[in-house]
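Some notes on the structure that comes next.
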Amino acid sequence: MREYLGDYIKDVDDKIKNKNVTEKDIENHLIKIKFFQHERLIHLLVTLFYGLFLFLSVIISLKVWLFLIILYLALIVLIFYVRHYFFLENHVQYLYKEYDQMKNILEENAK
């Protein structure tokens, strides 16, 4: 997903830089934004689930010391999910800015 999103952003940045934006590009961009928003929502839900699982692991590990292994595994997975979620969040917000730039370019070209 990181590579796909990064490549897509580079392609759109090139179109913006060259001021070569069409209405079809904007429609496609809105569709991609929806896809990435869905991906972001799924990762948010999974991240929240792992956060809850980590919290429960802490509580259980206070009673059963062997449960610390599961606690550490959940913590590692949660760290990676939070990292990926922030990547998606920041890049989807960047897509919003690209959309605004694309609309401005299209309006300038229409004049």
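The values are calculated or read from the model by the stated rules, or taken from the named source; none is laboratory data. None of these values were measured; they are calculated from a predicted model. Here the Cβ is made from the backbone with ideal geometry for all residues, glycine too, and neighbour counts use every protein chain on show.
Values for this structure:
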quantity: Counted residues, the range 82-111 - those being under 20 Å from V21 (Cβ atoms), buried (at least 16 other Cβ atoms within 10 Å of the Cβ) and in contact (Cβ under 8 Å) with a residue 60 or more places away in the chain; calculated: 7
quantity: All positions within the range 9-62 that are among the polar types (S, T, N, Q) and either under 30 Å from A110 (Cβ atoms) or under 15 Å from the mean Cα position of the chain (by Cα) (or both); calculated: N18, N20, T22, N28, Q37, T47
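Yes or no, residue by residue, for (1) touching a residue at least 24 places away in the same chain (Cβ under 8 Å); (2) among the hydroxyl-bearing types (S, T, Y); (3) surrounded by 13 or more Cβ atoms within 10 Å (Cβ to Cβ):
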position	(1), (2), (3)
N20	no, no, no
E23	yes, no, no
I26	yes, no, yes
L44	yes, no, yes
G51	yes, no, yes
F67	no, no, yes
L78	yes, no, yes
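One line per residue, one yes/no per condition, for (1) closer than 18 Å to G6 by Cβ; (2) touching a Lys or Arg at 6+ places or on another chain (Cβ under 6 Å):
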| residue | (1), (2) |
| --- | --- |
| Y72 | no, no |
| Y81 | no, no |
| H84 | yes, no |
| N90 | yes, no |
| Y94 | yes, no |
| E98 | yes, no |
| I105 | no, yes |
| A110 | no, no |
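Listed here are the residues, each with its yes/no results for (1) modelled with pLDDT under 90; (2) on the phi > 0 side of the Ramachandran plot; (3) of a type in the set (F, W, Y).
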| residue | (1), (2), (3) |
| --- | --- |
| D11 | no, no, no |
| K19 | yes, yes, no |
| L30 | no, no, no |
| H38 | no, no, no |
| T47 | yes, no, no |
